[in-house]
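Here is the structure we will look at.
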Amino acid sequence: MNGKILITARSFRKTPGRHLDILREAGYELIESPHDRPLTAAEIAPLLADVDAAILGLDEVTAESVAGASRLRVISRYGVGVDSIDIAAMTARGIVVTVTPGANSVAVAELTMGLILALARHIPYADREVRQGNWGRKTGVELSGATLGLIGLGRIGRDVARRAYAFGMAICYYDPFPPPPEAMAGFTARACSLEDLLAGSDFVSLHLPLSEETRNLIDAAALARMKPSAYLINTARGGLVDEQALYEALSSGRLAGAAFDAFAQEPPGDSPLLKLDNFIASPHAGSATAQTTLRMGLMASENALAVLRGERPDGVVNPAVFSRD
């Protein structure tokens, strides 16, 4: 054996495919997480102590987590978010951190559109009514002619825009670092300020990474700017929204509805949002498609193996690690 690789991401572990084969063919022993959930910093520490690489999901990794990980050379994130990893600490230890950009864009964009449709036509409510022997209906709204405000126009935001544009939606976006014009093929969108986007959109969809600058970006003041008839969709990171403020807006009728695939705490436990009929919840399943699992898994495996071979793969989050003395 060449060494050991820790794998925590559930769908990566549970789905047979080339992503697992190439790790074994390279001569590595695969160590699986004992839990089917993201690990805390304390839980992952002993698992990292005796491995050369780790392919992780949403597990928390701090400086303390890698204090005893003398062999660890790379953390290959199965996904794109790295807010649960202390990047500065990994760089200081010489540990490369990689992600799989673009691998889940289609899947997350399609789930986003599914949640938009579910909100617009009250699909969960209709399903519950029929199952309970009722025939109650709620009047919905059409997407055609409605305005979709995208906060963040990266890969996923652009894929959502293309799909929404095909539905006949008008699209506006806010992004401090907008893409070049050639990246916006397949849709038309206008740039606007965050304030104007919130005030003018019928649907607001979040597509941002979580950072100190974006944490609770959608707070009580932001929600107050939105139309009472508007809907909020979050398939990015839960920490982007002040969930207590959202609960108050939804429960008071100040906002028509919301749908989340990401929560500040996952699972959300007894979050009051789950008690509301105008809130739709999904278990951080944006990338949970067969195609994405294989595509993202293969990329994560190739990233890990490249670093172990002494190469620099695509998707490196902390390139400064390669310039350390």
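The values are calculated or read from the model by the stated rules, or taken from the named source; none is laboratory data. Everything numeric here is computed off the predicted structure, so don't read it as measured data. Virtual Cβ from ideal backbone geometry, glycine too; neighbours counted across all protein chains shown.
Does residue 98 satisfy being within 23 Å of residue 235 (Cβ to Cβ), outside the structural domain of residue 204 (by TED's automatic domain parsing) and of a type in the set (S, T, N, Q)? Quick ask: steps written out before the conclusion?
Working: within 23 Å of residue 235 (Cβ to Cβ): yes; outside the structural domain of residue 204 (by TED's automatic domain parsing): yes; of a type in the set (S, T, N, Q): yes.
Against the criterion (within 23 Å of residue 235 (Cβ to Cβ), outside the structural domain of residue 204 (by TED's automatic domain parsing) and of a type in the set (S, T, N, Q)), residue 98 qualifies.
Checking residue 269 against (1) surrounded by 15 or more Cβ atoms within 10 Å (Cβ to Cβ); (2) under 29 Å from residue 105 (Cα atoms), which single condition isn't satisfied?
(1)
Considering the range 1-25 alone, what residues qualify as being without any contact (Cβ under 8 Å) to a residue 12 or more places away in the chain and either touching an Asp or Glu at 6+ places or on another chain (Cβ under 9 Å) or of a type in the set (Asp, Glu) (or both)? Show your work before the answer.
Of all residues in the range 1-25, those without any contact (Cβ under 8 Å) to a residue 12 or more places away in the chain come to 14, 16, 21, 24-25.
Result: 14, 21, 25.
Do we have any residue at all in the range 39-46 that's outside any loop (DSSP other than H, G, I, E, B), touching a residue at least 40 places away in the same chain (Cβ under 8 Å) and surrounded by 15 or more Cβ atoms within 10 Å (Cβ to Cβ)? Steps first, please.
Pass one, the range 39-46, residues outside any loop (DSSP other than H, G, I, E, B): 41-46.
Now drop any that are not touching a residue at least 40 places away in the same chain (Cβ under 8 Å), which leaves none.
No - not one qualifying residue is present in the range 39-46.
Got at least one residue in the range 288-297 being surrounded by fewer than 19 Cβ atoms within 10 Å (Cβ to Cβ), farther than 30 Å from residue 94 by Cα and in contact with a Pro (Cβ under 8 Å, 6 or more places away or on another chain)? Quick ask: steps written out before the conclusion?
Looking only at the range 288-297, we keep the residues that are surrounded by fewer than 19 Cβ atoms within 10 Å (Cβ to Cβ), and these are 288-291, 294.
Okay, now just the ones that are also farther than 30 Å from residue 94 by Cα, so 288-291.
If we keep only those that are in contact with a Pro (Cβ under 8 Å, 6 or more places away or on another chain) as well, we get none.
So far as the range 288-297 goes, no, none of its residues is surrounded by fewer than 19 Cβ atoms within 10 Å (Cβ to Cβ), farther than 30 Å from residue 94 by Cα and in contact with a Pro (Cβ under 8 Å, 6 or more places away or on another chain).
Of the residues that make up the range 240-249, is at least one part of a loop (DSSP other than H, G, I, E, B), in the same structural domain as residue 115 (by TED's automatic domain parsing), under 23 Å from residue 161 (Cα atoms) and at pLDDT 95 or above?
Applying the first criterion (part of a loop (DSSP other than H, G, I, E, B)) to the range 240-249 yields 242.
Filter once more, keeping what is in the same structural domain as residue 115 (by TED's automatic domain parsing): 242.
Now restrict to residues that are under 23 Å from residue 161 (Cα atoms): none.
The answer is no; no qualifying residue exists.
What number of residues within the range 274-287 are buried (at least 21 other Cβ atoms within 10 Å of the Cβ) and touching a strand residue (DSSP E or B) at 6+ places or on another chain (Cβ under 6 Å)?
2
When the range 272-291 is examined, which residues are found to be closer than 18 Å to residue 236 by Cα and either not in a helix (DSSP H, G or I) or not assigned by TED's automatic domain parsing to the domain that holds residue 232 (or both)? Working first, answer last.
Narrowing the range 272-291 to residues closer than 18 Å to residue 236 by Cα: 273, 279-289.
Within the range 272-291, 279, 280, 281, 282, 283, 284, 285, 286, 287, 288, 289 meet the criteria.
Out of the residues in the range 160-215 meeting the condition of being part of a loop (DSSP other than H, G, I, E, B) and of a type in the set (A, V, I, L, M), tell me which one is farthest from residue 83 (Cα to Cα). Can you show your working first?
Residues of the range 160-215 part of a loop (DSSP other than H, G, I, E, B): 167-169, 175-180, 185-189, 192-193, 201-202, 207-215.
Okay, now just the ones that are also of a type in the set (A, V, I, L, M), so 169, 185, 189, 208, 210.
On the way: 169: 32, 185: 30, 189: 29, 208: 11, 210: 6 Å.
The selected residue is 169.
Among the residues of the range 221-238, what is the count of those that are surrounded by 15 or more Cβ atoms within 10 Å (Cβ to Cβ), of a type outside the set (D, E, K, R) and modelled with pLDDT of 95 or more?
Qualifying residue count, the range 221-238: 10.
Criterion first (under 22 Å from residue 108 (Cα atoms), at pLDDT 95 or above and either outside any helix (DSSP H, G or I) or of a type in the set (Gly, Ala, Ser) (or both)) does residue 31 satisfy it? Break it down into steps so the answer makes sense when it comes.
Working: under 22 Å from residue 108 (Cα atoms): no; at pLDDT 95 or above: yes; either outside any helix (DSSP H, G or I) or of a type in the set (Gly, Ala, Ser) (or both): yes.
When the stated conditions are applied, residue 31 does not pass them.
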